[in-house]
1. Any idea what the relative contact order of the chain is, in percent, if you count C-alpha pairs under 8 Å spaced at least 6 apart?
2. Anything over 23 Å Cα to Cα? Flag those among LYS151/LYS281; LYS35/LYS242; LYS151/LYS242, in the order listed.
3. So how tilted is helix 238-251 from the main axis of the chain? Cα-based, degrees 0 to 90, rounded to 10.
4. Taking 0.36 nm per residue of separation and subtracting the Cα-Cα distance, what length does fully extending LEU4 through GLU130 add?
5. Taking θ = phi - 60°, what integer Hz values does the Karplus form 6.51 cos²θ - 1.76 cosθ + 1.60 yield along region 5-14, in sequence order, with x for Gly and Pro?
6. If the only charges are +1 at each Lys and Arg Cβ and -1 at each Asp and Glu Cβ, what is the size of the charge dipole of the chain around the Cα centre, to the nearest 20 debye?
7. Which value in nm describes the separation of the simple spin-label points at LEU352 and ILE190, placed 7 Å from the Cα toward the beta carbon?
8. Please give me the summed charge of the neighbours of PRO215: other residues whose Cβ is under 15 Å from its Cβ, Lys and Arg +1, Asp and Glu -1.
Amino acid sequence: MRLLDRYLLRELLVPLGYCLSGFLIFSIAFDLFDKLGAYQREHLTGLDIAQYYLVTTPDLLVEVLPVALLLAMLYALTNHARHQELTAMRAAGISLARLSAPYLLVGFFLSLGLFTLNELWAPRSAEVAEQIRHRRITDSVVRAATQGDIKVGFVLRGGGTCYFGAYNLETTVAIDTHLVLPEADGGWQIIQARGGVWTNGAWTLFDAEMDIYPPEAGATPLHTRTNRLVVTRMIETPEQVKSHVRVSRLLARPSDAAKRAQLSIAQIRETEDYYRHDPVKMMMLETQFHGRIAAPWTCLMVVLIAIPFGAAPGRRNVFVGVASSIFICFAYFILSRLGLALGTGGYLPGWLAAWAPNLFFGALGLVMAWRIR
């Protein structure tokens, strides 16, 4: 790496560290003051609160890292311009594209890191955070409700339906299980069980009653009862059931889906087959899918738009860059929320709704950079 690249990276990474730390501290402090009363009612200790914000930090990074990068980029570039460093570099024959290389590299790797966090950690962070918040609740009813004991109903991939009267997302224990399975000859199986659990790669039901209905109308069903029944035809794993629950909750609240991409790509792919018959829900899932991919690449778009703003000749006032960053962040925030809302509502294709902010600001940055090259 050339000496110039190391210098440019150092001048960027130092303010980036300060900006990112400042935004994280401000966001956490603001949220802490807002929820402090709730934490006291939930009897959380200082260690519990620290663990809560530790597991929610990766999800928060998706929001604050692009803003911190934009502010750091504009500060570093306007600072170079104020000391005539950019003019000296250009006079030495270094093109704007070559000067931008280390910045683009930082934007690319930060985007890649955010994408990895989104898929590997962020989907689990909300669940772990809720477990931390309710770990000291003594009320059994409240504790059951917050730890995953919920009603679950869904269509099986192999055909038929499943209903759990109470299902714990963490222990995979199901109470009051009801299965309806189609037979190859046109008949049906109806299975009712007092309990069930995922074990050894299959669902095992306990105290189960099974009625097999022949395809002929009015035929007497065959009734059997067993203490233990392994259901091999129900291939949904606990992770797929958990994904189905999260998708169902989001689809029931379109306003939340319009705010930001909240589902991982794996969760969407695992459950989209259940909603192919519903164009409205498929449009929402498509928007979430593309939004999940597009959101992390905001860091790269930030670099593209910051370079012409900060490297414009004649700019020496650092506060001009700061003011520009505030305007750009506000405009991007509005456009991204508007795109997700239009995609969720079915007014725009999902890919266009999710990628429109990046495409617009990326193209704007390239055009402005071309003008000052």
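1. Numbers: 555 pairs, mean separation 67.0, N = 373.
Averaging sequence separation for qualifying contacts and normalising by length gives 18 percent for the chain.
2. Numbers: LYS151/LYS281 21 Å; LYS35/LYS242 27 Å; LYS151/LYS242 12 Å.
Result: LYS35/LYS242 exceed 23 Å.
3. Roughly 70 degrees, rounded to the nearest 10.
4. Values: separation 126, 0.36 × 126 = 45.36 nm, distance 4.68 nm.
Stretched fully, the LEU4-GLU130 segment lengthens by 40.7 nm.
5. 5, 5, 5, 5, 5, 4, 5, 8, 5, 5
6. Working: 34 positive and 30 negative charges, 364 e Å.
Rounded to the nearest 20 debye, it is 1740 debye.
7. 4.8
8. Working: positive: none; negative: GLU183, ASP185, ASP211, GLU216.
Computed value for this residue: -4.
Values in this text are rule-based calculations from the coordinates and carry no lab data. Please read all numbers here as calculations on a predicted model, not as lab measurements. For neighbour counting, all protein chains shown are included, and Cβ atoms are generated from backbone atoms with ideal geometry for every residue, glycine included.
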